[in-house]
Amino acid sequence: MSTAKVGVIMGSDSDLPVMKAAAEFLESMDIPFELTVVSAHRTAERMVSYAQNAADRGIQVIIAGAGGAAHLPGMVASLTTLPVIGVPIKSSNSIDGWDSILSILQMPNGIPVATVALNGAKNAGILAARILGSADSAIAEKIKAYNTSMKDAVLTKAKNLEDQGWADYEK
């Protein structure tokens, strides 16, 4: 059995510049993951095998990124009971990304795919960590720490502006 808890898949290696943000976030949380290319159109058998065997290999969440027609997340979701997070990708043959967004977002009843923003792979990684954190207190604590770090960063920026006399919402 694999030690990976999250499968990060994409329709083409040209999606890697976007999808690596999910992998980098998972890595920062010490969440084991695997990363590979699984094309819904060019390697349909590989996609079916990946989706049907992921849970048996220990995968608990699948992040699937795709551009253009973006069938990968929905097709994978139709073949597994695992949560699938879709990342619409603005690709070279894209219609400003809308084709990818709508292909992933507009799933029929019974085949849910959680969908993040266009090129939003980091949010997909965060959502996967939150899903895992609902049953793993160590991951939940890491997510809490991450949230606190974001809050602290905003408060530091606000203080810097206030110190410069630019932002004082109490005036």
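The values are calculated or read from the model by the stated rules, or taken from the named source; none is laboratory data. Only a predicted model underlies this, so the values are computations on that prediction, with no experimental measurement involved. All Cβ positions, glycine included, derive from the backbone under ideal geometry; neighbour counts span all protein chains shown.
Quick notes
- Qualifying residue in the range 69-76 (condition: part of a strand (DSSP E or B), surrounded by 14 or more Cβ atoms within 10 Å (Cβ to Cβ), within 17 Å of the chain's Cα centre (by Cα) and not charged (D, E, K, R)): no
- Top-ranked residue of the range 43-70 - restricted to ones that are out of contact with any strand residue (DSSP E or B) (no Cβ under 8 Å at 6 or more places or on another chain) and at pLDDT below 95, ranked as nearest to PRO17 (Cα to Cα): GLY68
- Where ARG57 falls short, out of the listed (1) among the charged types (D, E, K, R); (2) out of contact with any helix residue (DSSP H, G or I) (no Cβ under 9 Å at 6 or more places or on another chain); (3) at positive phi; (4) in contact (Cβ under 8 Å) with a residue 40 or more places away in the chain: (3)
- Tallying residues that are assigned to a helix (DSSP H, G or I) and either farther than 14 Å from ALA4 by Cα or more than 14 Å from the chain's Cα centre (by Cα) (or both) within the range 26-41 yields 1.
- Residue tally, condition in a loop (DSSP other than H, G, I, E, B), surrounded by 20 or more Cβ atoms within 10 Å (Cβ to Cβ) and not hydrophobic (A, V, I, L, M, F, W, C), over the range 106-134: 2
- Unique residue being hydroxyl-bearing (Ser, Thr, Tyr) and either at pLDDT 95 or above or not in a helix (DSSP H, G or I) (or both) when the list is SER94, SER103: SER94
- Tally of residues being closer than 17 Å to SER103 by Cβ and in a loop (DSSP other than H, G, I, E, B) across the range 1-25: 2
- The sole residue among SER2, SER100 that is over 24 Å from ALA135 (Cβ atoms) and touching a residue at least 24 places away in the same chain (Cβ under 8 Å) is SER100.
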